[in-house]
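The values are calculated or read from the model by the stated rules, or taken from the named source; none is laboratory data. Since we're looking at a predicted model, the values are computed, not measured. Using ideal geometry, Cβ is built from the backbone for each residue, glycine included, and neighbour counts are taken over all protein chains shown. The protein model used for the area step is the full one, side chains on, heavy atoms only, and it has no ligands, DNA or RNA in it. Shrake-Rupley method; radii C 1.70, N 1.55, O 1.52, S 1.80 Å.
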Amino acid sequence: MKYQAIILAGGSKSGQLLFPLCKGQTKALLPVGNKPIILYQIEMLENSGFQDVIILYYHEQIKVALAFYNFKINIQFIKVNEESDSASALLSISDIVKKDLIIFSCDSIVDIDLHDLIDFHNTKRSSITMVLKEEDLDAKLGKAPVSCNLDDTYEIMLLAGDQVALIVNSDECKEEIQIDKNLVLKFKNLKLYPNLFDSHIYICKNQILELLNRFKSIENFKDDLLPFLLKNQNNQELINLFKPQQQLFERNPFNFAINAYKTNNYVRRINNIKDFYQANYDSLIQGDKAIKIFRQSIYHEQIIIQTQAKISPDSIIGKQTEIGAKSTVIRSIIGKHCKIGEQVKIQNSIIFDDVTILNCSTIINSIISKESYIEENCNIKQSQIGYQSSVSRGQNVIEDTFSSV
């Protein structure tokens, strides 16, 4: 394979918007459809014929967890500094990777054809290709459809065909956008896209690693590197850096180009609580509207369902989980090795692995993180309970967020 696959899964900054779910555990291992998020990228690469991938990580939990899977793809783990961000983490591979890069953020779940993406990148002779989803902004204001990311931010872009001329984050844009007249002179047929969502999947030339070595102040790929490159896209030194060696003395000019690969397929980033909820609910959709990347059997083998327990068909139950007598599970996901007591009601909720919920408790529209312990007669609604947390007997937890770690 011409490209080296990289999954960015490290640094202490990762998961800050997912509190308390990432308190004591790493974002890459958060479950979506009872499967760690990072598995979606690994399986996509396997299915596309990639033979190896480098995972840039900080938390040892990732190496430990992935050791239990029998992957076809070879995984090389490289540990990064705790404070590393998406661009600065790439410096750790600058001396060992000589291929062009295809970069994944560990929190992105996408349903795209990687071969089609690579063909687009090669055909456009891109220096960098971004994978973007065109969003329905009206839907963000109301009940979002499956395809709409719930993060309030999005990218406003000026494109000339597929080439990116300008990126403005919606947070930075108040009433108007200032456009340099040189952009208008350079690019023809500029079109404004006010609703593009960045999946944080990129293909880029290997020279990007040399650039990062030169400018070590660049820390974040999206927020620092892309604006830097767009601002300096006419700089001759930058153009020469990315120009193929055999074209250095050709008369036809080489153009540094960042291109946008726009897709209508499923794209969601799990970088906030709302999108974490929605991705899991997306995984429960069945029938004709089921999302291909989530298609799986709803029930695992080796689960124990006691007398008169009821589980709705749009729920997912992990292996070696026990559902107690007269308990009900409605449109929910329960992980592996969980113990659910008698007369427990679980509705529209996500229960991680190794959770215990004792008799007569109610869990509605909530998340219970791994290895948590919920005692009898608890009432938990619209809440997020962090890793290894305990809820005392008879406690009401309403619209709350907490972690014992």
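Quick notes on this one:
- Of the strands (runs of 3 or more DSSP E) that lie entirely inside region 324-405, those containing 3 or more residues that are under 22 Å from D314 (Cα atoms) and at pLDDT 95 or above span 328-330, 345-347, 362-364.
- The single condition among (1) surrounded by fewer than 17 Cβ atoms within 10 Å (Cβ to Cβ); (2) among the hydrophobic types (A, V, I, L, M, F, W, C); (3) over 23 Å from K35 (Cβ atoms) that I330 does not satisfy is (3).
- Residue within region 128-137 that is acidic (D, E), open to solvent by 70 Å² or more (accessible area, probe 1.4 Å), under 28 Å from S48 (Cα atoms) and at pLDDT 95 or above present: no
- Only one of the numbered conditions (1) within 17 Å of the chain's Cα centre (by Cα); (2) part of a helix (DSSP H, G or I); (3) under 20 Å from N206 (Cα atoms) is not met by S92, and that is (1).
- Residue check: L39 meets all listed conditions (1) part of a loop (DSSP other than H, G, I, E, B); (2) closer than 18 Å to F352 by Cα; (3) not basic (K, R) but one, namely (1).
- Scan of region 307-322 for residues that are open to solvent by less than 70 Å² (accessible area, probe 1.4 Å), part of a loop (DSSP other than H, G, I, E, B) and either at pLDDT below 90 or within 21 Å of N359 (Cβ to Cβ) (or both), ordered by number: A309, S312, S315, G318, T321
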